[in-house]
Each structure stands twice: as C-alpha cells, then as structure tokens.
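The values are calculated or read from the model by the stated rules, or taken from the named source; none is laboratory data. Values in this document were obtained by computation on a predicted structure and should not be read as measured data. Cβ: placed from backbone, ideal geometry, glycine included. Neighbour counts: every protein chain shown. What goes into the accessible areas is simple: the full protein's heavy atoms, side chains included, and nothing from ligands, DNA or RNA. Shrake-Rupley method; radii C 1.70, N 1.55, O 1.52, S 1.80 Å.
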Amino acid sequence: MLRRIILLFLLIVPLPFLSSMYQPGHLQRFIIAGAIQGGLIGVAAWVLVNQRRDGVAVTGRRESLVAAGLLIANWAVTSMALNMNAPPRGEAWLKTTLDQQFRYYALVVGGLVALGGLSALAARLRDAGEGMLSALGLTSAVVSQLLFTLLFLSLPYATTARFNSEVHPGDVAQWWPAFAAVFYSIEIVQRVLLYFAMILFAASSWRTEILAPLPAISLISLTLLAGLANLAVHIPPAVPFVLPYLTGVFLLGQMGAGIRTRPSTS
C-alpha cells in the first residue's frame with residue numbers, strides 16, 4: 001500500500017504545482033519552494049527503493065540506483081523552469097532578466113543531469129547484454145543535449161538584446177526573425193533526437209528485462225504522443241524531460257517490487 005502511494009506521489013509531481021509560488025522579482029522564495037519539492041521527491045524515491053518485497057535482490061542494483069537517481073533529479077531541477085510559467089515579453093522581460101536567466105540555466109542543468117542518468121542506464125544495459133540499442137540511444141541523447149545546451153544558454157541573452165532594441169516604440173530587432181527561424185529549426189532536430197533516444201532506451205530496457213513490459217510500453221507510447229503533440233503545438237522545453245524522469249521512477253518502482261532483472265553478461 002505504501003509503495004503504491006509513493007509511486008502515485010512521484011507520478012503526479014511532474015504536474016506544475018509550484019507555478020502558484022512564483023512571483024516575478026521574488027526568485028529566492030521560489031527557489032526555496034523548489035528545493036522543498038526536490039527534497040520530498042528524494043525522500044519518496046529513497047523510501048520506494050527500500051520497499052523491496054521478500055528480500056529479493058535486484059541484479060545491477062547499484063548501477064540502476066545511480067541511473068534512476070540522476071533521471072529523477074533531472075526533474076527536480078528542470079521543473080523549476082516549467083513552474084515559472086510562460087516567459088514574459090518586452091518590458092516585463094527586461095525587469096526580470098535575472099529570473100529569466102535562472103529559468104534557462106535550470107533547463108540546461110536539468111538536461112545535463114538527465115544525460116548523466118541516461119549514460120548510467122546505457123552502461124547498465126551494456127552489462128545486461130544490450131549494446132547496440134543503448135549505444136544508439138546514448139549517442140542520440142548526447143547530440144540532443146549538446147544542441148539543447150547551445151540553444152538555451154544563448155536564448156536569454158538574445159532575447160534580452162531583442163527587447164532592449166525594441167524598448168522604444170517602432171524599433172524592431174531586424175535580426176530576430178532570422179535568429180528565431182534558426183533556433184526553432186535546430187530545436188526540432190534536438191527534440192526528435194531526444195524522443196528517438198527515449199524510445200531506444202525503453203525498448204532495450206524491455207529486452208533486457210530491466211523494465212517490465214507495461215512501464216516500457218507506457219514510456220514508448222508517451223514518447224510517441226509527445227512527438228505527435230509537437231507537430232500540432234509548441235511544447236515548453238521542460239516538458240520532454242518528464243520522459244527521463246518517468247524512466248527513473250519506473251526503474252525504482254521495479255527495484256522496490258523486488259523484480260529480478262536479467263543477469264549481467266560481464
């Protein structure tokens with residue numbers, strides 16, 4: 001019963017509950033609220049993984065713990081950006097420049113943490129005998145995160161320059177349309193690579209029995225739905241990082257259930 005409650009908590013945490021806590025110009029209070037949420041996620045994950053049934057040991061426990069811990073920590077950081085709501089425009093952006101820089105730094109740091117988790121998962125998959133899919137998945141994830149880092153480290157500075165040039169009525173940043181076109185084109189490639197990586201990791205985790213069929217199929221389905229949704233609307237950049245987070249939750253859930261995974265071939 002306790003395990004189900006904890007799993008439910010971890011599955012609803014990605015919802016933007018902290019959005020009501022953010023007020024422009026009061027970043028410190030918001031960071032404290034985010035730290036509390038991250039602490040609750042950590043405690044829930046620790047309790048979940050220690051709720052093993054019948055004392056069944058899980059093969060590759062240490063490696064799986066590292067992967068799951070990093071994948072879950074990714075959302076504790078990345079969700080801060082999502083909970084700051086949509087970025088403001090014009091004067092409102094210029095008055096909250098520090099807030100906006102924090103928003104995009106949180107995205108980049110969270111993405112790098114997620115990449116660390118996927119790297120640990122790829123190592124676990126290789127040990128379990130699944131080399132090809134995990135290697136392809138990791139390569140896609142690395143390239144995706146490289147593009148993501150370049151895009152979202154530059155975006156706040158470019159946006160500030162744009163609004164500074166438009167502070168007077170009638171002024172227009174002539175370079176902005178070209179920058180935006182290149183930015184969104186690269187972002188499409190970045191997201192396709194991320195979705196591709198998540199499908200490969202879910203499939204290889206299923207093949208090696210590191211994940212049970214239901215969570216693996218759920219991850220693949222959610223990834224495909226996210227990709228289809230991207231064709232219709234522009235999904236906020238933080239949202240796709242829910243997929244690595246859920247991967248981490250499912251890994252811990254399976255470990256907490258005491259399910260044996262396929263032994264390492266090394």
Output for Cβ contacts, cut-off 9 Å, separation at least six or different chains, first residue surrounded by 16 or more Cβ atoms within 10 Å (Cβ to Cβ) in segment 213-230, second at pLDDT below 95 and outside any helix (DSSP H, G or I), reads 216/210; 219/211; 226/235
Those residues of segment 191-217 which are modelled with pLDDT of 95 or more and either touching a strand residue (DSSP E or B) at 6+ places or on another chain (Cβ under 7 Å) or basic (Lys, Arg) (or both) amount to 191
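Condition first: crowded, with 16+ Cβ neighbours inside 10 Å and either touching an Asp or Glu at 6+ places or on another chain (Cβ under 8 Å) or among the hydrophobic types (A, V, I, L, M, F, W, C) (or both). Now tell me which residues in segment 124-141 satisfy that. Even if it seems obvious, please write down each step before you answer.
First, the residues of segment 124-141 that are crowded, with 16+ Cβ neighbours inside 10 Å: 124-128, 130, 133-134, 136-138, 140-141.
Residues satisfying the conditions are 124, 125, 127, 128, 133, 136, 138, 141.
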Screening 129, 90, 110 for residues that are closer than 22 Å to residue 40 by Cβ and of a type outside the set (S, T, N, Q) leaves only 110
Within segment 177-211, the residues that are open to solvent by less than 30 Å² (accessible area, probe 1.4 Å) and not in a helix (DSSP H, G or I) are 208, 210, 211
Residue 153 fails exactly one of (1) aliphatic (A, V, I, L, M); (2) more than 17 Å from residue 77 (Cβ to Cβ); (3) surrounded by fewer than 17 Cβ atoms within 10 Å (Cβ to Cβ), namely (2)
When (1) in contact (Cβ under 8 Å) with a residue 40 or more places away in the chain; (2) crowded, with 16+ Cβ neighbours inside 10 Å are applied to residue 97, the one that fails is (2)
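In segment 25-37, which residues are open to solvent by 80 Å² or more (accessible area, probe 1.4 Å) and either part of a loop (DSSP other than H, G, I, E, B) or among the aliphatic types (A, V, I, L, M) (or both)? Please lay out each step first, then the result.
Taking segment 25-37 and keeping what is open to solvent by 80 Å² or more (accessible area, probe 1.4 Å), we get 26, 28-29, 32, 36.
Across segment 25-37, the qualifying residues are 26, 32, 36.
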Of the residues in segment 38-51, those that are open to solvent by 40 Å² or more (accessible area, probe 1.4 Å) and either of a type in the set (Val, Ile, Thr) or not in a helix (DSSP H, G or I) (or both) come to 43, 50, 51
